[in-house]
1. In segment A:518-555, what count of residues is obtained for those that are buried (at least 24 other Cβ atoms within 10 Å of the Cβ), out of contact with any Leu (no Cβ under 7 Å at 6 or more places or on another chain) and under 18 Å from A:E684 (Cα atoms)?
2. For segment A:267-290, what are the residues that are more than 36 Å from the chain's Cα centre (by Cα) and surrounded by fewer than 21 Cβ atoms within 10 Å (Cβ to Cβ)?
3. Go through (1) at the interface with chain A (Cβ under 9 Å from one of its Cβ atoms); (2) without any contact (Cβ under 8 Å) to a residue 60 or more places away in the chain one by one and return the number of the condition B:Q45 breaks.
4. Looking at segment A:249-262 only, could you name the residues that are under 18 Å from A:P651 (Cα atoms) and assigned to a strand (DSSP E or B)?
5. Could you grab me the full set of residues in segment A:629-677 that are farther than 17 Å from A:A557 by Cβ, charged (D, E, K, R) and facing chain B (nearest Cβ under 10 Å)?
6. Those residues that are touching a residue at least 60 places away in the same chain (Cβ under 8 Å) and within 12 Å of chain A (Cβ to nearest Cβ), I need them from segment B:138-159; list them, please.
7. Could you run through segment B:10-31 and say how many residues are facing chain A (nearest Cβ under 7 Å) and touching a helix residue (DSSP H, G or I) at 6+ places or on another chain (Cβ under 6 Å)?
8. Has segment B:62-73 got any residue that is surrounded by 21 or more Cβ atoms within 10 Å (Cβ to Cβ), under 13 Å from the mean Cα position of the chain (by Cα) and farther than 26 Å from A:V220 by Cα?
Amino acid sequence: MSGVEDKFVIEPERYELSAAPMHQFELARRDFFKILGAGIAVFAIAKDAVALQETAPGHRSFHNEEWPRDINAWVHIGEDGGVTGFTGKAEIGQNARTELAQTIADELRVPFESVRMVMADTALTPFDAGTFGSRTTPTITPQLRRVAAAARDILVKAAAKEWNVAPAGLNAAEGKVTDPASSRSLKYAELARGKALAQNLPAEDPITPATQWTITGKAVPKVDGRAFVTGRHQYTPDLRPAGMLHGKVLRPSSFGATLTAYDDSAAKAMTGVFVVRDGDFVGVAAASVHEAQTALDAIHAQWKEVPQISNKEIFSYLKQNAAAKTDDRFRKQKGSVEEGLAGAAHRLDATYNVAYIAHAPLEPRAAVAQWTDGKLTVWTGTQRPFANRDELADVFHLPESSVRVIVPDTGSAYGGKHTSDAAIEAARLARAAGRPVKVVWTREEEFTWAYFRPAGVIEINSGISGDGTLTAWDFHNYHSGASGIETPYVVANQRTEYHPVRLILRSGSYRGLAATANHFARETHMDALGRMANVDPLDLRLKNLSDPRLRAVLEAAAKSFGWPRKKTQEGQGFGVACGYEKGSYVATFAEVAVDKKSDAVRVVRMVEAFECGAIVNPDGLRNQVAGAMIQGLGGALFEAIEFENGRIKNPHFSTYRVPRFRDVPEIETILLDRKDIPSAGAGETPIMAVAPAVGNAIFDATSIRLNNLPMVPNGLRSV
Amino acid sequence: MAKPIELEVNGKRYPVNYPADTPLLYVLRDELGLTGSKYGCGEGQCGACTVLIGGAPRRSCQIPVSAAAAKPITTIEGLEKDGRLNPVQQTFLDAGAFQCAYCTSGMIMSSVGLLQTNPNPSQAEIVQFLQGNVCRCGTHLRIIEAVRQAAKMMQEHGR
């Protein structure tokens, strides 16, 4: 095809569009107290394999590296008693800032209000690979807990030394150490005063078990809530450093188009306008957005376009252009699919298609760049500040130490803000202008030049016995990805393969990655198989599942939903789907109403049970779960990117339909709190079972089986 | 340069030198530094830029600055009075009716506008009124609840 995206490596997990660069953490211990002032600091060193994902993405080795390169969380207690936690993770609406502060407060035994988080600033926080993959909770909360426990230990020992007593008899609570024998107490502030005490994390720290949490596990309100409801919080597009200009970038007429004629003389003649042409980059900067746009419009450019396929042909293209070899990492074979099929009472061979969709974060890609004495600072809403820093260093031929990336709490991402596009654009313009420059992508740019959740084709050939036992499962995913590709059901004969296809549209991670597509195909297929064997959809799942955690969410949601339900109205239908991914478990039940006259589909009610181990913040979790369910309705019912010849045909909210208030059903979220299981992340899994639950409910209502996402972009009639 | 246009925003008067067709949103954000009103689409399709003009909720990305000169404008920054949040701000805060919160200013301004004309809206009326405001994080149900609570609070306090 066009060769537009040849430079991007296909990553089945699609967390990143390209290979991760090398990283180095350059803040030495002595500099730490210069920044923070005196006090007590404890660092965590990543040792275990889980933590290493945050420090060593890709295939890099961190052998023989000395501290502090792979520190990834720390806590500081200042002379005023203020506690500061540091992490390279970003706050993108998932409420990490709150849950991490809760974790520190809980373990250090200080009031929640005294903890402040410094996040996602490459000059101040430890290296982090990125805020993705539901990793913050399982990786950073235990690390912060361990550093906080170690800091508490230092404080207790300092008090013991002061009083010349044994530390074992002392209590730490409410920001002070108390000696019950003498009723003496010392505040943490007093203990930290005059000290510049740093300590690496001891190998083993006794951390507080979830059953004894006091601040963690509670519905603590989101940090900085007042700043959000008053409009005071400054997102990247709200920053206005002195002397700042506004930047605009000239976009090609279509993907892969090359410049054949160019004249910027009219733009250059405008007062106060900077025009930059550097290789294939063309951009302008001016005092206002209006002036920048006027200058951009004055540039005459002609483009040579390349023919490209459209969304109408995408699925046959993906199937025909799959790599000859499947990805070894995701190939799984057990028993004999052929034998399993031969022995089945019912067989089903079906194909499922999943369209490209856009993240459409309400805050579009944006960056403010400022150069000072050859050093670059960029504020940008990204999930990967350190990778952005390295990409900027690479593009501008700078050492990493000359680039700082700061992420203001960001107006959402959903996996869509990994790349440094706007940061590079703002930085290039700022260097030319000699002044800070802000670039904020328009909605059309966001819909066109960002990246998409990849389209995919999934084929399943399966067999089931007369009593509803799965006998064969042959599952093939083309292009969309390998996350959640494995069936959780017990099947003696199975084969699972992921077939990579070269990128057509620029594609990357999206909340849940391909788990949403794979769960849609699998759970839709299960429903159809169950109908063939005349087994109730819930019974079918329970019959073929052995995982007790998955069974538990199914049973909990079924109870609240009232499954099995009798239909009381025409057009009513009920559906169920379930799955697990990234250490968390979900079951979703849906009720739909199909209007016979208009064939319109309305989701009336959804009940979802979710279990992610010990719950850190039930209020934030409920928001994430319900949010994922609503977002999931978009991809399930009507979201799809339309494209032809390298152009996006619906790059606006008026033509790309996202869920709005009228689309939102009654929602019930059931959170199973497993204090005996380490906390897993919750940003992704709650979206996975929405589409198949709704699709199965539509079938229940209409006997129409919908195997393509989105299912009803123009109502049921057009299907 | 044309004659300055005079705007009244949050009770203060500002002369602004902008082309008459510049969207009000850019003047608020870039000239007056009132960045609480957000750019989300520039097409009046997402509601993130909603402000009150003469008390009525309007998409400031669609209003030319010249057309906004005649009536008083209220932005999210103008709702808090003497350190007291507007009831809608307070109930959004209490209900935790935001996640990334980028849509929140627009949601609040639309809701304030709704309650001014309909002090006791039904759920269906809230849904209908907020249909033009996009929340991508899926916080809709808490937003609806916050608006209901604000209506209740305003009736109880006779505001």
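1. Of the residues in that region, 5 qualify.
2. A:K268, A:A269, A:M270, A:T271, A:G272
3. Among (1) at the interface with chain A (Cβ under 9 Å from one of its Cβ atoms); (2) without any contact (Cβ under 8 Å) to a residue 60 or more places away in the chain, B:Q45 violates only (2).
4. Of everything in segment A:249-262, just one residue is under 18 Å from A:P651 (Cα atoms) and assigned to a strand (DSSP E or B), namely A:V249.
5. Selection gives A:R660, A:R662, A:D663.
6. B:A150
7. Taking segment B:10-31 first, the residues facing chain A (nearest Cβ under 7 Å) are B:19, B:22, B:26, B:30.
Going one step further and asking which of them are touching a helix residue (DSSP H, G or I) at 6+ places or on another chain (Cβ under 6 Å), we end up with B:22, B:26.
Number satisfying all stated conditions: 2.
8. Step one: filter segment B:62-73 for residues surrounded by 21 or more Cβ atoms within 10 Å (Cβ to Cβ), giving B:65, B:68, B:73.
With under 13 Å from the mean Cα position of the chain (by Cα) added as a condition, the list becomes B:73.
From what's left, farther than 26 Å from A:V220 by Cα: B:73.
Yes, segment B:62-73 contains at least one residue that is surrounded by 21 or more Cβ atoms within 10 Å (Cβ to Cβ), under 13 Å from the mean Cα position of the chain (by Cα) and farther than 26 Å from A:V220 by Cα.
The values are calculated or read from the model by the stated rules, or taken from the named source; none is laboratory data. Since this is a predicted model, take the numbers as computed values, not measurements. We place every Cβ from the backbone using ideal geometry, glycine too, and count neighbours over all the protein chains shown.
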